[in-house]
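The block underneath contains the structure these notes are about, expressed in structure tokens.
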Amino acid sequence: MIPEIGHFALVLALCVSFVSAVVPLWGSLSGRAAWVSLAQPSAQIQALLVAISYGCLTYSFLVHDFSVLYVANTSNTELPLIYRISGVWGAHEGSLLLWALTLSTWTFAVSVFSRGVPTVMLARVLSVMAFISVGFLLFVLLTSNPFERIFPVPLEGRDLNPLLQDFGLAIHPPMLYMGYVGFAVAFSFAIAALIGGRLDMAWARWMRPWTALAWAFLTIGIGLGSWWAYYELGWGGWWFWDPVENASLMPWIIGTALMHSLAASEKRGVFKAWTVLLAVFAFSLSLLGTFLVRSGVLTSVHAFASDPERGVFILGFLVATIGCSLLLYAWRAPRLTRSGSFSLVSRESGILLNNVLLVVLCATVLLGTLYPLVLDSLNLGKLSVGPPYFNTVLIPLGVPMAIAMGIGSVLRWKRDQLGRLVKTLAVIAICSLLAGAIVPWMMGGYYWGAVLGSALGAWVLLTTAHAVQLRFKNKGFSLAAARQVPASFWGMCLAHAGIGVFIIGVTLTSHYNVEKDLRMVPGEVFEVSGYRFEFRGVTEVAGPNYDASRGVVNVTYGDRQVAELHSEKRRYRVQTMPMTEAAIDPGLFRDLYVALGEPLGDSGAWAVRIYYKPFVRWIWLGCLMMGIGGFLTVMDRRYKLASQRVLRAEAARPNEEVTA
Amino acid sequence: MHPKRKKRLLLVTLMVAAIGAAVTLLLNAFQENMLFFFAPAQVVAGEAPEGHPFRIGGMVVNGSVKRGDSLKVQFVLSDGGGSVPIEYEGILPDLFREGQGIVARGVLGADGTFVADEVLAKHDEEYMPPEVADALKKAGKGPYGADTVVGQ
């Protein structure tokens, strides 16, 4: 019964979102206020229905209703509670339902928290979001219904993929989806502005907090995914340039460009048409990501079984979305832009440079991701583009980006004098070069990449600190003065500092890590960077839904006991799938990583991976700082004040023109 | 020239130069890092380059995995149309086992042995790398056709 209610709620949600897509938009174009006023309630009802549907699926998981095919395929009576909840998005059907739920959550949030936005504009935004919702709900219902029943009912479920039975991965997809789907809000604002023919600074101000929020979620989501891959996949990598990872990175890159160009649009009224275009691209790339992951065209560590028919549907949806938006853009945008002027040395120029570099970066990732697919589909041979490609391209693009970032954040809007800055920047540059010389020396080895990376990391951190210092130059630093500074400024500084931390983490990890695959007999010792790893043998243990061989490695540093690491080789009983559970001793400056391989010969020897990873935590620390920076930006008082001001203006002018 | 236009021209020139440089670098890196995929049958037929890295994919032949007391392991990869001996030193992925479809990256030696520096097995035990499924299909191995393996 419950699954049928879920299914029915989903069908109803589709109907409501169809109404919500068409009626308010039509009303806004033909001047019918009653139709326009339908936008908010219908969006909220639709969100409620999707939530009910999602709740029903979760309930089926909680009560082990194996008559539902999806539950039978992804759950099991032995599965712990938390993974029964996260198992809802553990495979294709449920994860699409989560996509739809995320979209309606965003729609709901927009309908509630946008009181400052004029009614007509808001109605159009909600209509565009409802259009997307129609597409996705159709997709779920036609190709991937999670409520499908099976008969006869199996006694036991087939269990969740063991790789997904992990806390990091339990929260990674919702975070990622909040980011991915969040760009739908920016997209809808852009399209609504194109429809309405109104592209002004107020528009940029409405759109900016939503974009920042989506971007922050995406940043955290990607960071979590990387962290998960590091400890769960058992070979200690944190980024593989895997197509699915690239699929989430591309919207992030364009989203980053969008954040910057939006800032310029909001503060100075420039780049508005470009901002619209970026919003369209960010969301299109999110859709492309969904297509790549869900269609089965990818060979990837993430590509779970999938079905070509679904791919065709998303591809069609993708083409329609991009096609329509670009047509609308081509038709409307030329009439809307009015470029403000700015001098060559100004923050606007910095942002322009940042945007150009980011777009080029995104294009290179896109090329590396799609080229093999295109070639394959044309039957011209199968090939893949390895990580060295991305790494080679990233350096010449990333270096100017990091340098420009440092200068850009201390530049003034509109017009600035380089002379004002040269002195301090020169001092900072010298300090950074010193850091580039000292850090590799402390790490014990000179590589040109390590020198460059440390210098750049220091440069970004120091210039960010300088930006803070400039802010307080006249007032003197005090808590009261710090409160006066807008939250978005702190957000920017934290995010930029995050980039600096990230650069240092990546540089030092990739140059100074030690990775060894070893054959070890109990009692054998391996030493790396002063750490003594002693292999103490393997014991058998039993977990809730798996059995495991547990390898014990004791680590000492000089006379000091550091950690006893327990790495497991698990065999999940239902899926009969082996899984390595790495053991990690984390630290701010280094991680010790041990993973158990397989038994070798009859002497009790085992294959053991031992990794020493300096500064690897800084990678995720940097992501976290960027994410928090994004959230801080949203909390800026300016956005609240702005909405109140617009409310007052609207109250004074009740007969807002309704037609375009 | 009008100073504003001059400025714009400068900006545009800079951008074109930057993009040009980026594209050159990119294509260069691209060419150097392309890895072709070959099925064992193609390797046996001599289509794969010797001494240049590529990827190979197929099923691990039952009973072919030989592992001594060291980290060296040998096995045979087959797609029904041909089989290639593979050598690898290190720890194999969790899902590596006999009868499983895998993809290996490495170099083909003069003696016809493929020396792998990376072996990938997929995370879903029902999942078959599309290349492997295709290769098996082409070689006419019915039970491992793409449809039967990839579907849920």
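Quick note: the coordinates plus some simple rules give every number you see, no bench work behind them. Here the structure is a predicted model, which is why all the values come from computation and not from measurement. All Cβ positions, even for glycine, are placed from backbone atoms using ideal geometry, and neighbour counts span all protein chains on display.
Rounded to the nearest 0.05, what FRET efficiency is calculated for A:Glu524 and A:Ala51 with R0 set to 41 Å and r the Cβ-Cβ distance?
Numbers: r = 56 Å, r/R0 = 1.36.
In this case the efficiency is close to 0.15.
Fewest first, what order do A:Met579, A:Met626 take by the number of other Cβ atoms within 10 Å?
A:Met579, A:Met626
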Study note, to complete from the structure: For A:Tyr446, A:Tyr572, ascending order of other Cβ atoms within 10 Å (fewest first) is A:Tyr446, A:Tyr572
Exercise for review: Per residue of A:496-509, count partner chain C-beta atoms within 10 Å of its C-beta, then hand back the mean as an integer.
Suggested key: 0
Check your understanding: Rounded to the nearest 5, what is the percent of antiparallel bridges among the DSSP beta bridges in chain A?
Key -> 100 percent
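Highest mean first, how do A:366-374, A:266-274 rank when packing is the count of other Cβ atoms within 10 Å averaged over residues?
The peptides rank, most packed first, as A:266-274, A:366-374.
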Check your understanding: Structure shown: which of A:Lys613/B:Lys66; A:Lys414/A:Lys473; A:Lys516/A:Lys613; A:Lys272/B:Lys4; A:Lys382/A:Lys569 lie over 23 Å apart, alpha-carbon to alpha-carbon?
Key -> A:Lys613/B:Lys66; A:Lys382/A:Lys569
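If you put +1 on each Lys and Arg Cβ and -1 on each Asp and Glu Cβ, how big is the dipole of the protein assembly as shown around its Cα centre, in Debye rounded to 20? Intermediate values should be presented prior to the final figure.
Values: 63 positive and 55 negative charges, 1074 e Å.
Roughly 5160 debye for the protein assembly as shown.
Which whole-number percent gives the relative contact order of chain A, counting Cα pairs below 8 Å spaced six or more residues apart? Intermediate values should be presented prior to the final figure.
Numbers: 1188 pairs, mean separation 87.7, N = 660.
This gives 13 percent for chain A.
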Revision key, fill the gap. A:Arg637 and B:Thr13 label points (each 7 Å along its Cα→Cβ direction) are spaced in nm at 4.7 nm
Point to revise | Ranked packing of A:608-617, A:630-639, most packed first, by mean Cβ within 10 Å | key: A:608-617, A:630-639
Study note, to complete from the structure: For the range A:410-522, the dipole about the Cα centre with charges only on Cβ (Lys and Arg +1, Asp and Glu -1), to the nearest 20 debye, works out at 680 debye
Revision key, fill the gap. Across A:375-382, the residue-averaged tally of Cβ atoms belonging to other chains within 10 Å stands at 3
Exercise for review: Beta carbons within 10 angstrom, averaged per residue: use that to sort the peptides A:253-260, A:485-492, highest first.
Suggested key: A:253-260, A:485-492
Review point. In nanometres, what is the gap between the two model label sites at A:Ala426 and B:Gln100, each 7 Å from Cα along Cα-to-Cβ?
Key: 6.2 nm
Check your understanding: Quick one: if you stick a label point 7 Å off each Cα along the C-beta vector at A:Val374 and A:Tyr59, how many nm between them?
Key -> 4.9 nm
**Study point:** Mean separation of Cα contacts under 8 Å (6+ apart) over length of the range A:514-615, as relative contact order %
**Key:** 26 percent
Exercise for review: May I ask which residue of A:Ala34, A:Tyr70, A:Ile503 lies farthest towards the positive end of the charge dipole of chain A, with charges of +1 (Lys, Arg) and -1 (Asp, Glu) on Cβ and the Cα centre as origin?
Suggested key: A:Ala34
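Can you give the average number of partner chain beta-carbon atoms within 10 Å of each beta-carbon in peptide A:385-392, as a whole number? Could you put the intermediate results ahead of the total?
Values: counts 5, 8, 1, 4, 9, 2, 2, 7.
Across A:385-392, the average partner-chain Cβ count within 10 Å equals 5.
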Study note, to complete from the structure: At the level of C-alpha centres, the distance separating the range A:1-65 and the range B:6-25, in angstrom, is 49 Å
Revision key, fill the gap. Once A:Asp559 and A:Cys324 are pulled to full extension, the length gained, defined as 0.36 nm per residue separation minus their Cα-Cα distance, is 77.8 nm
Check your understanding: So what is the relative contact order of the range B:38-101, in percent, for Cα pairs below 8 Å that sit 6 or more residues apart?
Key -> 36 percent
Review point. Taking the alpha-carbon centroid of each part, what is the distance from the range A:236-283 to the range A:488-567 in angstrom?
Key: 34 Å
Study note, to complete from the structure: Fewest to most Cβ atoms within 10 Å: A:His172, A:His64 sort as A:His64, A:His172
